[in-house]
Amino acid sequence: MQLTSTAFSPGAQIPRRYSCEGENINPELSWQNVPPGTKAFVLTVHDPDAPRAGGYTHWVLYNIPAQSHHITENVPRQQSIKGIGLQGKNDSGTVGYTGPCPPSGRHRYFFRLFALDEEISIAPGATHREVAEKMGKHILDRAELMGTYSKEAEQAA
């Protein structure tokens, strides 16, 4: 599989619009080359550079329909979204996407898409850990898109 975004290129700076300094909305994402037998997708956004054990999860979206190949910009922060899937809690404890907001320096943000051989049986609002446990043995393939972010004050320094 391949995961891409019209908002940023692999390894590039994520635009301010998608961060805590901007509109704090998710960027558009698209994917292709889905493996046969895919029944659902899981999407996560994770910052391994965050100053906490295990990093910081910014978004958990799961049971994305198998026929989907695109997530639009600015997905509503609701637990269940018809045609899009179920959203879990990010590490701030809220449902939906929360953008890059590193306390210092440049951080990496990994957008990861997993193709699953079945939908996972878990209620909306689950944590990243709960979703990861449920999808463990059902992953057919995965794709990754990494972007970076540093706050504007840091960039000017």
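Where a number appears in this text, it was derived from the coordinates with a stated rule and is not lab data. Values in this document were obtained by computation on a predicted structure and should not be read as measured data. Glycine also receives a Cβ, built like all others from the backbone with ideal geometry; neighbour counts cover every protein chain displayed.
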Farthest toward positive dipole pole in the stretch 2-156 [+1 Lys/Arg, -1 Asp/Glu at C-beta], among PRO15, THR98, GLN32
THR98
Length added when fully stretched, ASN33-ASP141, from 0.36 nm per residue minus Cα-Cα:
37.9 nm
Using unit Cβ charges (K, R positive; D, E negative) and no other charged atoms, how large, in debye to the nearest 20, is the dipole of the stretch 24-157 about its Cα centre?
180 debye
For VAL34, VAL131, VAL42, ascending order of other Cβ atoms within 10 Å (fewest first) is VAL34, VAL131, VAL42
Of ASN63, ALA123, GLN78, which is farthest on the positive side of the dipole of the chain, counting Cα position, with +1 on Lys and Arg Cβ, -1 on Asp and Glu Cβ, and the Cα centre as origin?
ALA123
To make sure I understand, if each residue's beta carbon is the centre and we count other beta carbons within 10 Å, what order do PHE110, PHE8 fall in, fewest to most?
PHE110, PHE8
